[in-house]
Amino acid sequence: MTPVATVKLIETGADIQIISCIDEKRNFSVIAGAGSGKTTSLVSALSYIRAKDGPSLRRDARQVACITFTNRARDVISERLGWDDLYLVATLHSFLWAEIKRFVPDIRKCLIEVIIPSHIEKQREKDKGGNSKAAIAAREKAAALEVDLELVADVTIFKYDDTSTFSNYPEGRLSHDDVIALAGALISGNETLQRIIGQKYPYIFVDEAQDTFNEILTAINDICANEGLPIVGYFGDPMQQIYDRRAGDFHGPEGSLVIPKEENFRCSPPVIRLLNAFRTDVEQIPAGKNAETDGSVELYLVAAEAPEGPRKTYTEEQLERTAQRFEELLDSWGWREQEGLKLLFLVRQMIARRLGFIGLHRLFTGKYASTRAQEDYESGEYMLLKPFTRSIWSLVSNFREGNKKEVIDILRAYSPAFDPEGENSARSIREMLQLAEALVRELSGIWDASNLGEILRFVRDRQLYPFPERLMEELEREPMEEEYNEEFHSQDKGRWLADEFFQMDTYELATYIDFLNDKTPFSTQHGVKGEEYLNVCTVFDDTEAGWNNYSFTKMLTPATAGEGTEGQMERSRKLAYVCFSRAVEHLKIVLFTPNPDASKAELIQAELFTEEQISIVA
């Protein structure tokens, strides 16, 4: 156990204030700008509690709760705390579900009286009458929810897991969103539950507080509002709130202390100067070795073509030219092989076009793809994709690179043919090694010459991967002969998707999997939150991105490009800040704008960039 005297890292004004709040049993909120060492301060505070109160907390079987936003953050914090069971480090959803799941009658009542009726009301608001597809779909969904409202009264067990995207009320399966809504309603409306949670956790720390939901912040504040109840410590940055329906400008219960953390240990001074120009609540200063770093910020203004496609979009020819112009910029910078490089784009389709899996992207975002199919495509978990993302491509690529051990490890992990208790269990190790060599060599041989359907059938027949029943059915049936009609086939459109997928070659799939596995420098701008890279280039092209929630040209140059909506401006400003603050040394920004000369003058006048930092690309 770490004694109080050896607790380290209490080295900034913010850290000293945090310790004072812990000693005084006072709630607090840490406003931690990008690169400020937020996680270090969080872990330091948790370590201080262990040194100060650990023995008494262990004696009373109480824990310190630390709520995180991602599984990765949970693991990082747990590891830095030595996996000590004094702490309950959990993601938001898992923490909340663990606290409310025993209250089955309350969950059922809340679903019947609040949650399901609110879903019904939303569908009714979408139903504008008439026979439009949207109106019919909303009407059908409302009717289905009315049936669920009756059936949920008989549910005796409710379940949640982190793969639940949609609720199935009759079966008692709850989605991410419903767990949040339930927890907010049950905790805020039940003083007994508040006291139970408060007794278990005398300290509740919330990491990435800006991304917590408003109703959960209210619930936690209710738990911690009164004297003698837990203290809550929020750690986050309102400027990095880039997800919908989140708290953003978080705050603790009345009387909480707001603690700004002004240091930036990550970014070079030129990057920090740009970050400070984007916010007024915290002014950061270089605070580590980065203070002596020779970094840079450069903005490249590219004349955007007037969109010639339907609904103000680029044509295919314009898309190719736009991608080519970026490739030429990379060459001119000499950044093809730059160390620690990250290239950031707003949407995945921009990356798919540049990496060469645009056909796959269009299939899984097109007319045959449900919302669930698109989500599973983005994570690599879709039924058709999972054999490739988990096993098949790894077998081929490792075999071609001569990584025999990795090939064997993959086969042992996934292949029924190599199951120690399977049909080949009596064969010798030598025989199994020879079998592995032969099968994977054959798989590698057909990879470049076969389509995806043929690859999957080969894998099925050789038992290289365990296929679920639904995938087996898709592989065994005849292709769909009738033309797809959305009105009649919407429930079965996955069959048309599968048919197209089976006919694709393997080239796009390989580059897609490399992207998923972070083996390329490309990333979506949302996907790098919390990360840092030596050199960053972020690309803003509103027309190619085609996402009206954002407009970087209007946010950066409103006089030139026109005023955007308040929501557009706020979302674009925060996402730009997240992108810029990933850069440790050098940051390059590419902005496609209708008028580069006017944009340059406006940016200089706004004191966002200096004249020396801006280049107009011919």
Tell me whether the stretch 290-387 comes out rounded, prolate or oblate; compute the Cα gyration tensor, take square roots of the eigenvalues as a ≥ b ≥ c, and use a/c under 1.5 as the rounded threshold.
oblate
Among the lysines, which fall within straight-line cross-link reach of LYS128, defined as a Cα-Cα distance under 21 Å, with same-chain neighbours fewer than 8 residues apart omitted?
LYS141
Figure the gain on full extension for GLU406 and PHE265 (residue separation times 0.36 nm, minus the Cα-Cα span) and round it to one decimal in nm.
47.0 nm
D (Stokes-Einstein, µm²/s), Kirkwood Cα radius, the chain, 1.567 mPa s at 4 °C:
47
With the Cα gyration tensor of the stretch 415-549 giving a ≥ b ≥ c as the square roots of its eigenvalues, does the rule (a/c under 1.5 for rounded; else a/b larger than b/c for prolate; else oblate) give rounded, prolate or oblate?
oblate
Run the numbers on the chain and let me know its relative contact order in percent, using alpha-carbon pairs under 8 Å that are six or more apart.
16
Centroid-to-centroid separation of the stretch 515-556 and the stretch 14-75 [C-alpha atoms, Å]
32
Run the reach check for LYS404 against lysines, Cα to Cα strictly under 28 Å, same-chain hits fewer than 8 apart removed. What comes back?
LYS386, LYS519
What order do you get for 472-483, 142-153 when each peptide is scored by the mean count of other beta carbon atoms within 10 Å, highest first?
142-153, 472-483
Give the shape of the stretch 474-521 as rounded, prolate or oblate, defined through the alpha-carbon gyration tensor: a ≥ b ≥ c are the square roots of its eigenvalues, a/c under 1.5 means rounded, and otherwise the shape is prolate if a/b is larger than b/c and oblate if not.
prolate
Per residue, accessible area of the stretch 437-495 with a 1.4 Å probe, heavy atoms of protein chains only, in Å², comes to 63
FRET efficiency, 1/(1 + (r/R0)^6) with R0 51 Å, evaluated for GLU566 and GLN338 via beta carbons
0.85
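Can you work out the accessible area per residue across the stretch 258-377, with the rest of the protein chains kept in place, probe 1.4 Å, in square angstrom?
Here the residues of the stretch 258-377 average 48 Å² of exposed surface.
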Quote to one decimal, in nm, the extra length available between ASP249 and ARG102 on full extension: 0.36 nm per residue of separation minus the C-alpha distance between them.
49.7 nm
Determine the share of the chain's accessible area contributed by carbon and sulfur atoms, expressed in whole percent, with a 1.4 angstrom probe.
47
Label-point gap, in nm, between GLU327 and GLU125 - each point 7 angstrom along Cα→Cβ:
4.6
Full extension between ASP154 and ASP85 adds, at 0.36 nm per residue less the Cα distance, a length in nm of 21.1 nm
Let me check against my output: what whole-number percent is the relative contact order of the stretch 295-383, with C-alpha pairs under 8 Å and at least 6 apart?
11
Relative contact order, percent, of the stretch 460-554 when contacts are C-alpha pairs under 8 Å separated by at least 6 residues?
13
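The values are calculated or read from the model by the stated rules, or taken from the named source; none is laboratory data. This structure is a prediction, so every number in the text was calculated from the model and none was measured. All Cβ positions, glycine included, derive from the backbone under ideal geometry; neighbour counts span all protein chains shown. SASA here: full protein model, heavy atoms, side chains in, ligands and nucleic acids out. Shrake-Rupley method; radii C 1.70, N 1.55, O 1.52, S 1.80 Å.
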